[in-house]
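Engineer: Encoded as structure tokens, here's the structure I'll be asking about.
The values are calculated or read from the model by the stated rules, or taken from the named source; none is laboratory data. These figures come from a predicted structure and were not determined experimentally. Cβ coordinates were reconstructed from backbone atoms using ideal geometry, including for glycine residues, and neighbour counts include every protein chain displayed. Surface areas here come from the heavy atoms of the whole protein model, side chains and all, with no ligands, DNA or RNA. Shrake-Rupley method; radii C 1.70, N 1.55, O 1.52, S 1.80 Å.
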Amino acid sequence: MTQNLSLWELAKLDASAYARLLEREESDLAEYIAKVQPIIDAVRERGDAAIAEFTERFDGAKIAPGALRVSQEEFDAAEKLISPKVRNAIHFAAGNILKYHQMQMPKPMAMMEVNPGVLAGERWNAISSVACYVPRGKGSFPSMCLMSLLPAVVAGVPHVVLITPPGPDGTIDAATLIVAQLAGVSEVYNCGGAQAVAAVAYGTETIRKCDKIVGPGSPWVGAAVHSLSRQIAPGPPAGPTESIVLADASANPWKVALDVANESEHGPDSSVFLVTDDAALAGEVDRLMPAVWDKLSQTRAEYSRAVLGGKRGGVVLAKSMDQALTFCNDYAPEHLQVHSTRPFDYLDRITHAAEILLGEHAALCLGNFVLGPNAILPTGGAARTASPLSVYDYLKRTSVTHVTEAAFTPHAEAAHALAEYEGFEAHALSVSPLRNEKP
């Protein structure tokens with residue numbers, strides 16, 4: 001039925017084949033973990049000098065150890081390199097992203113009387129310092145800079161650091177610097193990869209030690225974050241991109257084809273499926289895909305063809321929309337777009353997806369850049385338990401309680417009974433009548 005896209009008919013898959021279809025083209029971090037350890041050790045021991053060496057070796061850029069922090073002159077130069085069109089787009093996206101994340105902010109403190117005389121609640125505080133990682137291996141990503149920096153600013157993080165790899169000429173992407181300046185983040189460091197993660201985990205002569213690191217990166221970055229997770233807290237897991245376009249018979253095939261191509265152009269490690277119960281729709285989308293590829297550059301078209309015609313992409317044909325929805329929930333995708341004239345009919349039945357875009361006008365691309373919700377999303381099935389990057393990733397909660405004298409006795413009696421049962425003698429003693437006696 002399909003000539004350009006791989007076809008997976010759910011009715012014909014046994015349990016093992018179905019399980020394989022749920023697998024991602026995730027890089028095995030085991031081999032990278034061994035490789036990043038010498039880099040981590042070198043940065044810990046030699047600081048900026050080691051970072052400069054690795055930057056030249058891996059990025060082909062010569063940067064003096066004392067020049068890792070971006071200067072004001074570099075910020076000024078970036079201003080002249082960005083077109084008004086791109087600048088306006090950055091400001092447009094920033095407005096929506098700020099509004100969305102401001103909506104997420106909890107009250108600084110909330111308390112309730114859980115029992116007469118006992119107040120209990122929680123207080124929110126920003127994490128003291130956070131490093132935001134913005135990758136550059138397959139291009140420049142000022143959108144990822146917006147998504148990581150702006151929630152940090154909204155959350156009130158006192159010290160926000162941006163780390164991002166340089167290009168071969170030793171400079172940072174101009175649009176990324178524009179975003180940093182817009183966010184009020186001046187502490188930007190010209191380094192990437194495992195060496196950058198080690199730098200913010202331990203601190204160097206130039207680079208600030210941070211409490212947490214967020215943002216997507218290469219397997220080298222992922223391995224370094226994993227290895228250093230006891231030194232610096234990691235953010236949501238963000239690996240190779242993946243998407244599902246869920247479509248019923250009412251969908252527009254051309255618009256479906258465009259949205260199916262969206263995430264598939266990232267690279268051959270992406271995973272992208274059209275999931276539908278309508279064979280005619282699937283066939284029409286298959287017929288239209290070459291027209292989409294013809295409009296892409298050779299590299300992006302090759303990426304898309306490889307993904308959609310490979311073992312981690314194409315058409316998943318279900319017997320019914322119920323079966324299609326079951327597959328979507330089992331897959332727990334990073335991105336899920338619903339192509340239907342009645343997309344809200346499916347919303348309550350979608351339980352596992354990091355992002356849900358409803359309707360043919362909620363294009364995946366809009367979600368990637370400008371709608372407001374964060375586009376740094378959990379991948380690899382982590383959407384079953386993890387959430388998109390948000391202000392909560394930059395905040396921490398502290399529980400707060402107060403007990404009046406009148407409330408102490410009844411609560412102490414219950415606590416005393418539990419402490420004795422668990423064998424904690426000092427615990428029990430501290431809430432016994434002895435508390436009101438003088439030795």
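Engineer: Quick one: Karplus J couplings for the stretch 16-24, per residue in order, coefficients 6.51, -1.76, 1.60, θ = phi - 60°, nearest Hz, x for Gly and Pro?
Structural biologist: So the J values, rounded to whole Hz, are 5, 5, 5, 4, 5, 5, 7, 6, 9.
Engineer: Another one. For K212, which aspartates and glutamates qualify as cross-link partners when the Cα separation must be under 12 Å and same-chain residues fewer than eight apart are set aside?
Structural biologist: D393
Engineer: If you don't mind, another one. For K35, K99, give me the order by solvent-accessible area with a 1.4 Å probe, most accessible first, ignoring ligands, DNA and RNA. Intermediate results must be reported in sequence, preceding the final value.
Structural biologist: On the way: K35 100, K99 140 Å².
Most to least solvent-accessible, the answer reads K99, K35.
Engineer: Another question, if that's okay. Near L228, within a Cβ-to-Cβ distance under 13 Å, what is the net charge of the other residues, with Lys and Arg +1 and Asp and Glu -1? Intermediate values should be presented prior to the final figure.
Structural biologist: Details: positive: R44, K209, K212, R230; negative: D41, D211.
Computed value for this residue: +2.
Engineer: Using modelled backbone amide H atoms (1.01 Å from N, in-plane), which distant-in-sequence or interchain residues come within less than 5 Å of V316's amide H?
Structural biologist: W8, L274, V275, T276
Engineer: Using a 1.4 angstrom probe on the protein heavy atoms only, line up S143, S218 by accessible area, largest first.
Structural biologist: Details: S143 15, S218 50 Å².
Of S143, S218, the descending order of accessible area is S218, S143.
Engineer: Moving to a separate point now. Could you state the accessible area per residue of the chain in Å², with a 1.4 Å probe and every protein chain left in place?
Structural biologist: 48
Engineer: Just to verify a number: what accessible area does L358 come out at with the full protein assembly present, 1.4 Å probe, Å² rounded to tens?
Structural biologist: For L358, the solvent-accessible surface is approximately 50 Å².
Engineer: Right, another one. At 20 °C and 1.002 mPa s, grab the translational diffusion coefficient of the chain from Stokes-Einstein with a Kirkwood Rh over Cα pairs, rounded to a whole number in µm² per second.
Structural biologist: Details: Rh = 24.3 Å.
Translational diffusion coefficient: 88 µm²/s.
Engineer: Percent of accessible area on the stretch 129-208 owned by carbon and sulfur, 1.4 Å probe?
Structural biologist: Here it works out to 54 percent.
Engineer: Now, a different point. For the stretch 279-359, with only Lys/Arg (+1) and Asp/Glu (-1) charged at the beta-carbon, what is the dipole magnitude about the Cα centre, in debye rounded to 20? Show your work: numbers first, answer last.
Structural biologist: Details: 9 positive and 10 negative charges, 51 e Å.
Dipole about the Cα centre, nearest 20: 240 debye.
Engineer: Moving to a separate point now. Write out the GluC sites (Glu not before Pro) in the stretch 346-434 meeting two conditions: DSSP loop, and at most 10 other Cβ atoms within 10 Å of their Cβ.
Structural biologist: Sparse-neighbourhood loop GluC sites (Glu not before Pro): E422.
Engineer: Any chance you could look up the accessible area of M1 with a 1.4 Å probe, heavy atoms only, rounded to 10 Å²?
Structural biologist: 120
Engineer: Now, a different point. Any chance you could check the Cα centroid distance between the stretch 418-432 and the stretch 337-355 for me, in angstrom?
Structural biologist: Between the Cα centre of the stretch 418-432 and that of the stretch 337-355, the gap is 52 Å.
Engineer: I would also like to ask the following. Any idea what log10 I(q)/I(0) is at q = 0.22 Å⁻¹ for the stretch 108-164, Debye with uniform C-alpha scatterers and no solvent?
Structural biologist: Computed log10 I(q)/I(0) values: -0.83.
Engineer: From the phi of every residue in the stretch 337-346, what ³J(HN,Hα) in whole Hz does the Karplus formula 6.51 cos²θ - 1.76 cosθ + 1.60 yield, where θ is phi - 60° and glycine or proline is x?
Structural biologist: The phi angles translate into 10, 9, 9, 6, 6, 10, x, 5, 4, 9 Hz.
Engineer: Count neighbours as other Cβ atoms within 10 Å of each site's Cβ, and list the trypsin sites (Lys or Arg not before Pro) in the stretch 273-347 that are DSSP loop with at most 16 such neighbours. Walk me through the numbers before you get to the answer.
Structural biologist: On the way: sites: R287, K295, R300, R305, K311, R312, K319; in loops: K295, K311, R312, K319.
Filter output for the stretch 273-347: K295, K311, K319.
Engineer: Next question. Provide, in order from the shortest bin, the percent of all Cα-Cα pairs of the stretch 273-352 in each 5 Å bin, continuing until the bin that contains the maximum pair distance.
Structural biologist: Per 5 Å bin, starting at 0, the Cα pair percentages come out as 3, 13, 21, 24, 18, 12, 7, 1.
Engineer: Using just the C-alpha positions of the stretch 315-416 as equal point scatterers, what log10 of I(q)/I(0) does the Debye formula give at each q in 0.15, 0.23 1/Å?
Structural biologist: The Cα Debye sum returns log10 ratios of -0.69, -1.30.
Engineer: Gaussian network model of the chain, Cα springs within a sub-10 Å range: biggest mean-square fluctuation belongs to which of S264, S129, S297?
Structural biologist: Fluctuation is largest for S297.
Engineer: I would also like to ask the following. Considering only DSSP beta bridges where both residues belong to the chain, give the percentage that are antiparallel (nearest 5).
Structural biologist: 30
Engineer: For I82, I51, write out the residues from largest to smallest accessible area, computed with a 1.4 angstrom probe and no ligands counted.
Structural biologist: On the way: I82 30, I51 0 Å².
The most accessible residue leads, giving I82, I51.
Engineer: Of the listed pairs K85/K255; K209/K396; K62/K85, which have alpha-carbon separations greater than 21 Å here? Can you show the working numbers first?
Structural biologist: Details: K85/K255 25 Å; K209/K396 19 Å; K62/K85 32 Å.
Pairs exceeding 21 Å: K85/K255; K62/K85.
Engineer: Short version: ³J(HN,Hα) in whole Hz for each residue of the stretch 63-74, in order, from phi by Karplus 6.51 cos²θ - 1.76 cosθ + 1.60 (θ = phi - 60°), x for Gly and Pro, what are they?
Structural biologist: 10, 5, x, x, 10, 6, 7, 5, 8, 4, 4, 5
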